[in-house]
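The values are calculated or read from the model by the stated rules, or taken from the named source; none is laboratory data. Bear in mind that the values here come from a model prediction, so they are computed numbers and not experimental data. Cβ placement follows ideal geometry from the backbone for every residue including glycine, while neighbour counts extend to all protein chains displayed.
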Amino acid sequence: MRKLSKHSLPGIETIFAHLSKKDVILIGAVAWVMLVLTSGQAALPRTVPEVLRYCASASGKPTLDEGEGGGNPFASAVIEALSHERIDLAEFTAEVRRLTAVKSDGLQSADVP
């Protein structure tokens, strides 16, 4: 078995001596990211966004193909609600529910969160 001397393998100083400061910083940053992503305790929080489903009507309830203005009441309600210059999610949901009922003359109730 061959005995290794301290000159057999380059030391860390020798490796880093040939790299620029920018390269050393980049290597450090990559090492930190790898550590964070592989460490169970230091892992970044992984959040899954909630899925929101908007349905034209409740299960088993009628869905009209034509309503006020000739179009599908739910689709027309979504398009009209999205046409507002500024609307948050709560306002959008309430507006879709309200407009679907109006455009279907109360025959259709949107199933929205």
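Quick look at the numbers
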read-out	value
Boolean, P45 is at pLDDT 70 or above and not aromatic (F, W, Y)	no
Any chance E66 is surrounded by 10 or more Cβ atoms within 10 Å (Cβ to Cβ), part of a loop (DSSP other than H, G, I, E, B) and at pLDDT 70 or above	yes
Scope the range 48-60; condition farther than 16 Å from A75 by Cα and of a type outside the set (A, V, I, L, M); matching residues	P49, E50, S59, G60
Qualifying positions in the range 71-113 - under 18 Å from S59 (Cα atoms) and in contact with a helix residue (DSSP H, G or I) (Cβ under 7 Å, 6 or more places away or on another chain)	P73, F74, V96, T100, S104, Q108, S109, A110, V112, P113
Contacts under 6 angstrom Cβ, first residue in the range 91-105 being touching a residue at least 12 places away in the same chain (Cβ under 8 Å), partner among the β-branched types (V, I, T), 6 or more apart	T93/V112; V96/V78; V96/V112; R97/V112
Test result for K61, modelled with pLDDT of 65 or more and out of contact with any Phe, Trp or Tyr (no Cβ under 9 Å at 6 or more places or on another chain)	yes
Filter result (outside any helix (DSSP H, G or I) and under 20 Å from the mean Cα position of the chain (by Cα)) within the range 75-96	I87, D88
